[in-house]
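Step one of this worksheet: look at the structure below.
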Amino acid sequence: QVQLKESGGGLAQAGGSLRLACVASGRTVSRSAMGWFRQAPGKEREFVAVIDWNGSGTDYADSVKGRFTISRDNTENTVVLQMNSLKPEDTSVYYCARSSGAYVYNFRRSVQYWGQGTQVTVSS
């Protein structure tokens, strides 16, 4: 079993930055793509970003491209989402996710584990 624990959520002003971190524990396997989804009240959960198992490939939702950066440190079993130039529409609960696969191309359909989520609120 794998546990994913997010941290770093909170309140930011529009234009500001937040850094989310997700630490994997338990039966961890480094050869897994990991990423982030988010869900705002009354909306469906949506994909945000993904990074493949060795960090060489990434993908982002169009809404966050150029503003968010995903990275990982397999020695620490950690994936980080650096969020810059935040907008009020980024307000959501952000979920860390781990795929059953190694690469970004099939990530959205192969999530195997979820974190419990961390709230991000951006004020205008």
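Tabulated results
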read-out	value
Percentage relative contact order, the stretch 11-53, counting C-alpha pairs under 8 Å, at least six apart	32 percent
Where only alpha carbons of the stretch 71-112 are counted, the Rg and the Dmax (Å)	12.7, 34
Extreme residue, positive dipole direction of the chain, given options 49, 33, 11 (C-beta unit charges)	33
Candidate residues 87, 65: accessible-area rank, largest first, probe 1.4 Å	65, 87
Whole-Å distance, taken between Cα centres, linking the stretch 19-38 and the stretch 73-124	8 Å
For residue 3, residues with placed amide H under 5 Å, excluding near neighbours	25, 26, 27
Contour minus Cα-Cα distance for residue 119 and residue 61 (0.36 nm per residue)	19.0 nm
Average Cα contact separation per residue, the stretch 75-122, under 8 Å, 6 or more apart, as relative contact order %	45 percent
Amide H contacts under 5 Å for residue 120, placed H, 5+ residues apart	10, 92, 93, 94
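The values are calculated or read from the model by the stated rules, or taken from the named source; none is laboratory data. Quick caveat: nothing in here was measured; it's all calculated off a predicted structure. Every residue, glycine as well, gets a Cβ built from its backbone with ideal geometry; the counts of neighbours run over all protein chains shown. Just the protein is used for accessible areas: all its heavy atoms, side chains included, with ligands, DNA and RNA removed. Shrake-Rupley method; radii C 1.70, N 1.55, O 1.52, S 1.80 Å.
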